[in-house]
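**Student:** For reference, the structure I am asking about is given below.
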């Protein structure tokens, strides 16, 4: 019996005002540390750059688990 892992790609976008640029730099670092990327393959497999406020991850985790992970990691960010 073969087990199959189901992977999903999630894109997460944040809305921080420009006055929070230092916070966003910390957020970006946290997202990269969690293996998020600023580039994602489209439906044809072509790599696409996301906007500066968006990050993508391909994982077997459920969407709710991704949300919980982000919340946990970002608790110390101002305005979160």
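Read-outs throughout are calculated quantities, based only on the coordinates presented, and are distinct from any laboratory measurement. Computed from a prediction, not measured in an experiment: that's the story for all the values here. Methodologically, a virtual Cβ is constructed for each residue, glycine included, from the backbone with ideal geometry; neighbour enumeration extends over all protein chains shown.
**Student:** Along Cα→Cβ, 7 Å out, is where each label goes; now give me the distance between the ones at residue 71 and residue 43 in nm to one decimal.
**Tutor:** 3.2
**Student:** Would you please state the base-10 log of I(q)/I(0) at q = 0.14, 0.23, 0.27 1/Å for region 1-76, with intensities from the Debye formula using one equal scatterer on every alpha carbon?
**Tutor:** After summing over all Cα pairs, the log10 values are -0.50, -1.15, -1.39.
**Student:** Which residue, 16, 32, 44, tops the fluctuation ranking in a GNM of the chain built on C-alpha contacts under 10 Å?
**Tutor:** Maximum among the listed residues: 44.
**Student:** Percent of Cα-Cα pairs more than 15 Å apart in region 32-80, please. It would help to have the intermediate numbers written out before the result.
**Tutor:** Numbers: 653 of 1176 pairs.
Within region 32-80, distances greater than 15 Å cover 56 percent of Cα pairs.
**Student:** Anyone know which of 22, 54, 38 comes out most mobile in the 10 Å Cα GNM of the chain?
**Tutor:** The residue with the greatest mean-square fluctuation here is 22.
**Student:** What spacing in nm lies between the two simple spin-label points modelled at residue 35 and residue 61, each 7 Å away from Cα in the Cβ direction?
**Tutor:** Reported label-point gap for residue 35 and residue 61 is 0.9 nm.
**Student:** Who wins for biggest fluctuation among 14, 36, 55 in a Gaussian network model of the chain, springs between alpha carbons below 10 Å?
**Tutor:** So, out of 14, 36, 55, the one fluctuating most is 14.
**Student:** Here is a further query. How do 73, 6 line up, fewest other C-beta atoms within 10 Å first? Intermediate values should be presented prior to the final figure.
**Tutor:** Working: 73 15, 6 6.
In increasing order of surrounding Cβ atoms, one gets 6, 73.
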